[in-house]
Amino acid sequence: MLTKKMVDCLNEQINKEIYSAYLYLGMGSYAASIGLNGVANWFTIQVQEELSHAQKMYNYVIQQGGKSVLKAIDEPPQEFSSALDLFEKTLAHEQKVTGLINALVAVANEENDNATKIFLQWFVTEQIEEEDNASNLVQRLKLVGKDGNGLLLVDQELAQRIFTPPVV
Ligand code: FEO
């Protein structure tokens, strides 16, 4: 059983996870438009990751007797300047999401909601990986700089990314 405040906050985060998917969908479209199909693939997989995060939270709300109230998804930014720009914005976004997850944990603490605290630990751990992935790509693309061959090598590597669904 969740308190109303907890349900409201979890529903807000479901919206944010779907917004993340929308943001990355647009980033993938930009990458494809400049010929970086591997980068586009990375973002396509990221879209699936974000939708699975939303689904995991949605399932939890329902399992705990709550109702998922779905709200409008904001329009994401769609102007980008390079692969590095994409991953710098991805890293900044993931850092923001980490803050949102931490705020959710704080609400679960206030509400004395141990089940939700335990449930949210998966997201806390996931955010470490999300930030690390984006940070690593930012570092590597900075090393590549204006070297087109280096960029194409990174692009080829990102073409290999596949989606592994989490348990939801
Ligand atoms: Fe749902 Fe990228 O964190």
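Tabulated values for the structure
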item	result
Residue satisfying all of: in the stretch 31-67; within 16 Å of the ligand (Cβ to nearest atom) and among the polar types (S, T, N, Q); farthest from the chain's Cα centre (by Cα) among these	59
Lone qualifier among 19, 24 - being within 16 Å of the ligand (Cβ to nearest atom), closer than 19 Å to residue 127 by Cβ and open to solvent by 10 Å² or more (accessible area, probe 1.4 Å)	19
Test for residue 130: is it of a type in the set (Asp, Glu), within 14 Å of the chain's Cα centre (by Cα) and closer than 30 Å to residue 8 by Cα	yes
Number of the exception - residue 86 against (1) within 16 Å of the ligand (Cβ to nearest atom); (2) within 15 Å of residue 12 (Cα to Cα); (3) touching a helix residue (DSSP H, G or I) at 6+ places or on another chain (Cβ under 6 Å); (4) not basic (Lys, Arg)	(2)
Filter result (out of contact with any Phe, Trp or Tyr (no Cβ under 9 Å at 6 or more places or on another chain) and surrounded by 12 or more Cβ atoms within 10 Å (Cβ to Cβ)) within the stretch 55-69	55, 58, 59, 61, 69
Count of residues meeting criterion [in a helix (DSSP H, G or I), in contact (Cβ under 8 Å) with a residue 12 or more places away in the chain and not hydrophobic (A, V, I, L, M, F, W, C)] in the stretch 52-74	7
Residue match in the stretch 116-125 (condition: open to solvent by 60 Å² or more (accessible area, probe 1.4 Å), within 18 Å of residue 12 (Cα to Cα) and within 15 Å of the ligand (Cβ to nearest atom))	yes
Pairs with Cβ under 7 Å, 6+ apart, first in the stretch 116-136 and part of a helix (DSSP H, G or I), second within 14 Å of the ligand (Cβ to nearest atom) and open to solvent by 60 Å² or more (accessible area, probe 1.4 Å)	131/95
Check on residue 155, surrounded by 18 or more Cβ atoms within 10 Å (Cβ to Cβ), farther than 16 Å from residue 34 by Cα and of a type outside the set (Gly, Ala, Ser)	no
Subset of the stretch 27-46 (residues that are touching an Asp or Glu at 6+ places or on another chain (Cβ under 9 Å) and surrounded by fewer than 19 Cβ atoms within 10 Å (Cβ to Cβ))	35, 37
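The rows are residues; the columns are (1) part of a helix (DSSP H, G or I); (2) closer than 30 Å to residue 146 by Cα.
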| position | (1), (2) |
| --- | --- |
| 44 | yes, yes |
| 50 | yes, no |
| 76 | no, yes |
| 80 | no, yes |
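The values are calculated or read from the model by the stated rules, or taken from the named source; none is laboratory data. Fair warning: this is a prediction, and the values are worked out from it, not measured in the lab. Virtual Cβ from ideal backbone geometry, glycine too; neighbours counted across all protein chains shown. Heads up: the accessible areas ignore ligands, DNA and RNA and are worked out on the full protein's heavy atoms, side chains in. Shrake-Rupley method; radii C 1.70, N 1.55, O 1.52, S 1.80 Å.
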